[in-house]
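Let me begin by presenting the structure, written as structure tokens, before commenting on it.
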Amino acid sequence: MSPRFRPAAAALALLLLTSCGAPPQPESRPLAPPTAAPSAQGRKDLPPEAFKVEWLAVGLPAQMSPGQELEADVTIKNTSTVAWPGGAGSTGLMYTVRLSHRWLQGDKVVRDYGDTRTELPVEVPPGGAVTVRPRFTAPGTPGRYQLQLDLLHEGTTWFESRGAGRKLVEVEVKARG
């Protein structure tokens, strides 16, 4: 726009704004900030009675190769009186329940939990069961191991530390040949 027309455009804009009626009045606002809406089910600490699980099935083979990666079905049942929060796409949200695992050899942790969390695909109601399909990577050295499965209330605690039974699966890591 030419510098010669800028004052005329500004005047026209001002005229249009003032001809639309009375100027807007300031919005009335309370002095205190509004209180937060109650959090959704599962977006808070679970009560002690929520940490009860039955391990129905683990589809892991009894033998794996060193470093082998595979996915296997794990089916769990919520035997508590409280729904477990979950849901696809909730990655990164705190307070959901997730499945995790680590590898043990005797009383030694060979590969810790790290980032081995798997989302529960839905909220699991009391008495409900769900199947998840985590990815497992066998230890790199041949030997006899135990795969320890546990549930995690993200950002809060492991189910085992609240008295829930963990699941141990015996796996032999054996070089092919």
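So for region 97-108 (the condition being under 11 Å from the mean Cα position of the chain (by Cα) and open to solvent by 10 Å² or more (accessible area, probe 1.4 Å)), does at least one residue qualify?
Applying the first criterion (under 11 Å from the mean Cα position of the chain (by Cα)) to region 97-108 yields 97-100.
If we keep only those that are open to solvent by 10 Å² or more (accessible area, probe 1.4 Å) as well, we get 98.
Yes, the conditions are met somewhere in region 97-108.
Within region 109-135, work out how many residues are surrounded by 15 or more Cβ atoms within 10 Å (Cβ to Cβ) and more than 19 Å from residue 159 (Cβ to Cβ).
2
Please work out which residue is most open to solvent (accessible area, probe 1.4 Å), limiting yourself to region 160-177 and to residues that are part of a loop (DSSP other than H, G, I, E, B) and more than 29 Å from residue 52 (Cα to Cα).
Checked region 160-177; the qualifying residue most open to solvent (accessible area, probe 1.4 Å) is 176.
The values are calculated or read from the model by the stated rules, or taken from the named source; none is laboratory data. All values reported here derive from a predicted model rather than from experimental measurement. All Cβ positions, even for glycine, are placed from backbone atoms using ideal geometry, and neighbour counts span all protein chains on display. Side chains included, ligands, DNA and RNA excluded: accessible areas come from the protein's heavy atoms. Shrake-Rupley method; radii C 1.70, N 1.55, O 1.52, S 1.80 Å.
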